[in-house]
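Worksheet: the structure to be examined is printed underneath.
The values are calculated or read from the model by the stated rules, or taken from the named source; none is laboratory data. Note that the structure is predicted; figures quoted are calculated from it, not measured. All Cβ positions, even for glycine, are placed from backbone atoms using ideal geometry, and neighbour counts span all protein chains on display. Calculation scope for accessible area: heavy atoms of the full protein, side chains included, ligands and nucleic acids excluded. Shrake-Rupley method; radii C 1.70, N 1.55, O 1.52, S 1.80 Å.
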Amino acid sequence: MFNDIGALELVALVVLAVLVFGPEKLPKMIQDVTRTIRKIREFSESAKADIREELGPEFKDFEFEDLNPKTFIRKQLDNDDLGLKEIRNGFDLKKEMAEVTDAVHGREAESASSSSTTSSASGGTVDMTKKREKLEPAERPPFDADAT
């Protein structure tokens, strides 16, 4: 409950409580606060039990923590009914990025044979690193649909 409060902050709160409520009233105030927290917890537990009872036996495994979106999504992604683990394990980002880099620089992938390198270099692929100086007289400038 107090995971983010340090020791110095806790001491400062105690000193502040003693100054505000006084040493005579402080024990009574602590009892009142703990009693109120206990009543809130009991009310919350009874409300949860009533909701579970009203939902019926189909939802006996229902947890209210599952209503938190992060918990719900994490639980659904861990569920292997969709086959997401196979997809996640089958995707190698480094390999994919290396293939894209090789394609951009005009190099063949490492798995390609040398015979395909000579045949594709003769005219099958476009060299993206080569820049032309001038356009042909009747040629239109290249159009990039993503840039417009």
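Each residue of the range 72-77 is assigned a 3J(HN,Hα), and the resulting list reads 4, 5, 4, 5, 5, 6 Hz, derived from the Karplus form 6.51 cos²θ - 1.76 cosθ + 1.60 (θ = phi - 60°), x at Gly and Pro. By a 1.4 Å probe calculation restricted to protein chains, residue 58 has an accessible surface near 140 Å², given to the nearest 10. For the range 4-98, which chymotrypsin sites (Phe, Trp or Tyr not before Pro) are in a loop by DSSP, counting at most 10 other Cβ atoms within 10 Å? Here the chymotrypsin sites (Phe, Trp or Tyr not before Pro) that fit, given the DSSP loop and packing criteria, are 91.
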